[in-house]
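Structure first, then comments.
No value in this document is a laboratory result; all are computed from the given coordinates. Values in this document were obtained by computation on a predicted structure and should not be read as measured data. For neighbour counting, all protein chains shown are included, and Cβ atoms are generated from backbone atoms with ideal geometry for every residue, glycine included.
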Amino acid sequence: MSTRRDFFTGAAALVGAGLVSRAGAATLPEAPIMNSAATQPPPPPPNGRPYHPVVTLNGWSLPWRMNNGVKEFHLIAEPVVREIAPGMKANLWGYNGQSPGPTIEVVEGDRVRIFVTNKLPEHTSIHWHGQRLPNGMDGVTGLTQPGIQPGKTFVYEFVARRPGTFMYHPHADEMVQMAMGMMGFWVTHPKNPAQHRVDRDFVFLLNAYDIEPGSYTPRVNEMLDFNIWTFNSRAFPGIDTMNVRQNDRVRIRVGNLTMTNHPIHLHGHEFEVTGTDGGWTRPESRWPEVTTDVAVGQMRAIEFVASEPGDWAFHCHKSHHTMNAMGHDVPNLIGVDHRGVAEKITKLVPDYMVMGEKGGSMGDMEMPLPDNTLPMMTGQGPFGGVEMGGMFTVLKVRKDQKAGDYRDPGWYKHPAGTVAYEWKGEAPAAVRQQDAGGQSMPAAKTPEVEVTVRKPRGHQGHH
Ligand SMILES: [Cu+2]
């Protein structure tokens, strides 16, 4: 983490805006910036009421300054470069060096003052999604405040009345600003740290971008057809794993600021939805799930005891959301013998790619990719290609992971005899299904075809 030291040289001009003195502060609080997309383990709160910090997946929590009992934060809305995964960077808009912005953590009853400096080329505002606050602090441009013009700093101040999980995002030129990645997480911890206590508390936002393969900047006029699906603006294998100790009580809070719903699925464990952005669910209202849908603008907190050791997949269950760009516009050719056909189709469909007629494992396809483009499905596991991209990561449950240790323990070492294995005995005689007339159905033939692959030239069909 680095501190924006040069900020203070510009502070005088911002003080001159006349908004700071109204908040009773002589100077603006420092605006720390983050220059890494790696998960930053949570620091314990240095002052104020105690709480058990959350871990933002591939993110960080914003430090504050205590000023006469008020927690002061400084967010800077600005263009950032976010690494989506090794091999791909995106020009996004965010806060304090990253997109999404830093997580803000406060405690129920805290008085909070947030300075928001706009370094974007257009006006912005911040809406504190889900909070109870004075109407004029709700951050809706035109309705509750004028837009924060470029170069200006606004102050939001309210008491964090309700404990729970919240998000923040602009309510100004929303389609552009959210498509560019302006969003962040907010957690208000309960005043009593023993309440809703868990051992590990992970948070992240779901976000989506439309970035043409080979380019760096999202198309912001996209309404539905996004091609980069991310947890906290990271795509697998760039998403950090969630590393826990066996029998830890684990909470994962997921907020959705994309334009579609995401059924979030955990392997190996059942969980309960214990919270929404409306608050904690009542225990008698909960039921077991292994997948929970997170609709647009919603947050879901799920909880479970991580009792099963192993490397458990955790992902969106829409299969095209676990793929990176170019996963669509590709015809299904399973069972198709395309000897000689590819050439004809290519004349009709210039970007046509031939996938294997045996299922076409895209993870193994060696396609020449434009610069700054992620393979569609990728990531290496201990048994080979994972063939995933996008919204996918792994929950690693280990007996010997120390409390408070979030380091990656490496791949799971399966006890002998607990891994699916190849049958090496004699194959049983094939039994054919009989049709209604008692005649034997012909077996499906697997044609032998050489699969050729064309380099995709773009993303036609989107315009
Ligand atoms: Cu999804």
- Non-local residues with an amide H under 5 Å from the amide H of LEU206, with H modelled 1.01 Å from N and Pro and chain starts lacking one, are ASN232, GLY255, ASN256, LEU257
- Kindly write out, for segment 115-127 in residue order, the coupling ³J(HN,Hα) from the Karplus curve 6.51 cos²θ - 1.76 cosθ + 1.60 (θ = phi - 60°), rounded to whole Hz, with x marking Gly and Pro. 8, 10, 9, 9, 10, 8, x, 9, 5, 8, 6, 10, 9
- Message: Test of the criteria: in segment 184-292, which GluC sites (Glu not before Pro) are in a DSSP loop and have at most 13 other Cβ atoms within 10 angstrom of their Cβ?
- Response: GLU270
- Message: For a quick size check, give me the Cα extents of segment 183-280 along its three principal axes, largest first, whole Å.
- Response: 48, 28, 20
- Message: Sort 79-90, 141-152, 123-134, 228-239 by packing, meaning the average of other beta carbons within 10 Å per residue, with the highest value first.
- Response: 228-239, 123-134, 79-90, 141-152
- Amide proton proximity set for THR217, modelled H, under 5 Å, gap of 5+: ASN91
- Item | Whole-Hz ³J(HN,Hα) from phi, Karplus 6.51 cos²θ - 1.76 cosθ + 1.60, for segment 283-297, glycine and proline x | x, 6, 9, 8, 9, x, 9, 10, 9, 10, 7, 10, 7, 4, x
- Calculate the spin-label point distance for ALA194 paired with ALA420, positioning each point 7 Å from the Cα along the beta-carbon direction, and give it in nanometres. 4.6 nm
- Message: Could you give each residue of segment 241-257 its phi-based ³J(HN,Hα) in whole Hz, using Karplus coefficients 6.51, -1.76, 1.60 with θ = phi - 60°, and x for Gly or Pro?
- Response: 7, 9, 9, 9, 8, 3, 6, 4, 8, 10, 10, 10, 10, 10, x, 10, 10
- Rg/Rh (Cα only; Kirkwood hydrodynamic radius) as it applies to segment 2-319: 0.95
